[in-house]
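Notes to accompany the following structure.
The values are calculated or read from the model by the stated rules, or taken from the named source; none is laboratory data. Note that the structure is a prediction, hence the values are computed from the model and not measured. FYI the Cβ positions are ideal-geometry reconstructions off the backbone, even for glycines, and counts take in every protein chain you see. The protein model used for the area step is the full one, side chains on, heavy atoms only, and it has no ligands, DNA or RNA in it. Shrake-Rupley method; radii C 1.70, N 1.55, O 1.52, S 1.80 Å.
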Amino acid sequence: DTHVLGGCAYLMRLPAAQTMVAYARNISRPIDQTLDRFWENGILPYVVRPFPVRQHPEFDSEIGLRGKEAYLKEQPSDVVLGRLRRARDGVNKRMFRAAWRRPGLVNVVGVVLPPLARSSLHAYARAQ
């Protein structure tokens, strides 16, 4: 099942863990989503397959309503704001990936990215 996000197991190097602690001081979403937002936190995730750890289906999410149930309870203005946030995230994610692939773009793209992502890109560009 790849359609389910889960926070049952993560392995991190110490510098990434320290970055995540700094980033998560103002956590506003579930931890698995926070960890997956590499374009904001500057921590590039790697996935190991087959998964060495699996989350048992008996352990339900504690996040609450999601998907269609949550969507139907939202106000129209919340739906519009959510779509705008997703569009912004999509642009930021693509800019981060472009700068990661072409370190010469770091100074152009890095201006609009969050500070942790910007510092991660600059460190990567210096190492090249």
Which residues, taken from region 81-111, are of a type outside the set (Gly, Ala, Ser), surrounded by 11 or more Cβ atoms within 10 Å (Cβ to Cβ) and more than 14 Å from ARG37 (Cβ to Cβ)? LEU81, TRP100, ARG102, PRO103, LEU105, VAL106, ASN107, VAL108, VAL109
Complete set of residues in region 21-41 that are open to solvent by 80 Å² or more (accessible area, probe 1.4 Å), outside any helix (DSSP H, G or I) and not polar (S, T, N, Q): ILE27
Looking at region 1-20, can you tell me whether even one residue there is part of a helix (DSSP H, G or I), charged (D, E, K, R) and modelled with pLDDT of 75 or more? no
Residue check, LEU72 more than 28 Å from LEU121 (Cα to Cα), part of a helix (DSSP H, G or I) and either among the aromatic types (Phe, Trp, Tyr) or at pLDDT 75 or above (or both): no
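Within the group GLY42, GLY110, which residue is of a type in the set (Gly, Ala, Ser) and at pLDDT below 75? Lay out the reasoning, then the answer.
Working: GLY42 fails: at pLDDT below 75.
So the residue among GLY42, GLY110 that is of a type in the set (Gly, Ala, Ser) and at pLDDT below 75 is GLY110.
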